[in-house]
Amino acid sequence: MNPVNHMAIIMDGNGRWGLKHRNSRNLGHKEGLKSVEMVMRYCIKKRIKFLTLYAFSTENWKRPLKERNYLFNLLEIYLKEKLEKINNEKIRIKIIGEKNFSKGLNKLLDFAEKKTIKNTKLQINLALNYGSKKELIYAFNKLKKRKGVTENDVNKSLYTKNIPDPEILVRTGNTQRLSNFLLWQIAYTEIFFEKKLWPDFKREDLNKIMKKFSKVKRNFGKI
Ligand code: FPP
């Protein structure tokens, strides 16, 4: 049995889901929040301690302003409504990426991080304005005056400092690429590409992934 301590997810397919059902990409994002809640519950139940969600990439700034604002607004409303409950459930919120949103949202994200910092039931790493290449450049700049840089030095200089590497990466939405997500951290992660769009992704799908993962022989280069 392979233990799962950290699951990372590229939640792809919201836009297509929304277009298919109501001709509105934004509706897909709203529906996608239900899958976020499902996956949070799932991790708690299965005692998975870290959940990393790719919510907004450095490349997503290329989307129309209306969609970007919708996403930021959705996040703001969600946090304002649910932060108390999240905190009571002993969930920690950590942002990975650079907070350069509106003053209001930046403040709310800081507040959510500080308020939940001591919680240990589940840590949700919300990747916001996150790009793996940007993260690596950030780390290299921190280390540029150091000699004999080790793997551990890099680990400690990333946004994901103190977060173990994920055992599982899931990408929904029937697309097989990594989209600049956790490139360093997933060196030995098992990757599961799912056909379903993110809002259609259900607990049974996670069960199937966990079952497949439990049967994988993880060699880490050995035989
Ligand atoms: C990718 O689907 C999804 C996103 C860029 C946003 C993910 C956001 C959520 C699931 C909801 C908000 C999250 C939180 C935590 C409040 P896409 O839009 O690229 O889909 P497409 O490939 O069909 O266009």
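Observations on the structure shown:
- A simple count of charges around ASN73, restricted to other residues whose Cβ falls under 13 Å of its Cβ and scoring Lys, Arg +1 and Asp, Glu -1, yields +1.
- Amide H contacts under 5 Å for GLN123, placed H, 5+ residues apart: PHE50, LEU51, ARG92
- Protein heavy-atom surface of region 129-223, 1.4 angstrom probe: 52% of the accessible area is carbon and sulfur, with nucleic acids and ligands not counted.
- Counting charges near TYR188 (Lys, Arg +1; Asp, Glu -1) among other residues having Cβ under 15 Å from its Cβ returns a value of -1.
- Projected-area mean, region 39-100, by convex hull of Cα positions, square nanometres: 4.9 nm²
- Computed over the alpha carbons of the chain, Rg followed by Dmax gives 17.4, 56 Å.
- Taking only the C-alpha atoms of region 156-215, Rg followed by Dmax gives 12.8, 36 Å.
- Average accessible surface area per residue within the chain, 1.4 Å rolling probe, Å²: 56 Å²
- Computed per residue of the chain from DSSP H runs no shorter than four, each worth -39500 (n - 2.57), the mean residue ellipticity at 222 nm is -14500 deg cm²/dmol.
- Build a GNM of the chain with springs between Cα atoms under 10 Å apart, and of LEU65, LEU83, LEU136 the one that fluctuates most is LEU65.
- Just checking the listed ones, GLY15, GLY104, GLY32: in the Gaussian network model of the chain with Cα springs under 10 Å, the one fluctuating most is GLY104.
- Candidates ILE124, ILE93, ILE209, ranked by Gaussian network fluctuation over the chain, Cα under 10 Å, top entry: ILE209
- Using the Cβ of LYS134 as centre and a radius below 12 Å, the other residues enclosed give a net charge of -2, where K and R count +1 and D and E count -1.
- Spherically averaged projected area in nm², based on the convex hull that wraps the Cα atoms of region 111-223: 9.9 nm²
- Over region 1-76, the ratio between the Cα radius of gyration and 2.2 N^0.38 Å evaluates to 1.25.
- Couplings 3J(HN,Hα) of region 21-27, computed from phi: 8, 9, 6, 9, 4, 4, 4 Hz, in residue order, whole Hz [Karplus 6.51 cos²θ - 1.76 cosθ + 1.60, θ = phi - 60°; x for Gly and Pro].
- HN-Hα J in Hz across region 207-223 - Karplus 6.51, -1.76, 1.60, θ = phi - 60°, x for Gly and Pro: 4, 4, 4, 4, 5, 4, 4, 5, 8, 6, 8, 8, 8, 6, x, 7, 10
- Carbon + sulfur, % of accessible area of region 58-104 - ligands and nucleic acids excluded, 1.4 Å: 52 percent
- Normalised by the number of residues in the chain, the average gap of Cα pairs under 8 Å and 6 or more apart makes the relative contact order 29 percent.
- Per the Debye calculation on region 1-127 with a single equal scatterer at every Cα and no solvent contribution, log₁₀ I(q)/I(0) for q = 0.15, 0.16 Å⁻¹ amounts to -0.73, -0.83.
The values are calculated or read from the model by the stated rules, or taken from the named source; none is laboratory data. As the structure is a computational prediction, the values presented were derived from the model and not from experiment. No Cβ is skipped: glycine too gets one built from the backbone with ideal geometry, and neighbour counts run over all protein chains shown. The area values use the complete protein model at the heavy-atom level, side chains included, leaving out ligands, DNA and RNA. Shrake-Rupley method; radii C 1.70, N 1.55, O 1.52, S 1.80 Å.
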